[in-house]
Amino acid sequence: MRRIPVFATLVVLIAAGVMVSLGFWQLRRLQQKEALLARYVAAQNATDEVEWTSRKVSKDLFYRRAHLFCLKVVGRSSIAGRSAEGTPGIAQTADCSLADGGKALVVLGWSDRPSAGGAWQGGEVRGTIAPGPRLVADPPLAGLHPNARPDPSEIPNNHLSYAIQWFLFAITALVIYGIALGKRLRG
């Protein structure tokens, strides 16, 4: 009669234990992400406006209405974006200098042309703080069309599927090892 291999069994059990613990970690992350998304929805529905300053814009301010004064545009770029109607195109951005010496990235508006909105040189900006962080102007500036409003529902929350994957990996490892062990013990 053959004996159960102690080292191999120990390795498989430790690996399965690690996979199960990763599954539970993903379940905790799911709860944290749901709480974060709930805070973002509450921030999105807040009626008061915050002032954007050069100090680090914390994640707690994402999706809040905000305002800033752009003293000077120090750089321009464009990124992929969507219009308020959902049409894909180009979000025109400006790097702004602020009065307190800081900088802010402002999404001026949407266009289907890469060079649109280049005449804007600064001024008052109102909009929504999006991850990045960046201030998505609302109303749009420089004659551009409105961008899609930043929406926390676009943030993926797939921690439950990750947890299920880890649990399935652990079960699969144990089943495969069980089959291999059974064949070994039968000879």
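General observations
- Close pairs from segment 68-79: first exposed (fewer than 15 other Cβ atoms within 10 Å of the Cβ), partner of a type in the set (S, T, N, Q), Cβ under 6 Å, at least 6 apart: 72/97; 74/97; 77/93
- Meets criteria (at pLDDT 90 or above and either in a strand (DSSP E or B) or not assigned by TED's automatic domain parsing to the domain that holds residue 123 (or both)) for residue 80: no
- Filter pass, residue 92 being within 30 Å of residue 10 (Cα to Cα), of a type outside the set (Ser, Thr, Tyr) and under 27 Å from the mean Cα position of the chain (by Cα): no
- For segment 120-137, the set of residues classified as touching a residue at least 60 places away in the same chain (Cβ under 8 Å), in contact with a Pro (Cβ under 8 Å, 6 or more places away or on another chain) and either of a type in the set (Val, Ile, Thr) or assigned to a loop (DSSP other than H, G, I, E, B) (or both) consists of 128, 129, 131, listed by residue number.
- Residue check for residue 13: under 30 Å from residue 173 (Cβ atoms), touching a His at 6+ places or on another chain (Cβ under 6 Å) and of a type outside the set (Val, Ile, Thr): no
The values are calculated or read from the model by the stated rules, or taken from the named source; none is laboratory data. Just so we're clear, the structure is a prediction, and the values are computed from it rather than from any experiment. Neighbour counts are summed over all protein chains in view; Cβ atoms, including those assigned to glycine, are modelled from backbone coordinates with ideal geometry.
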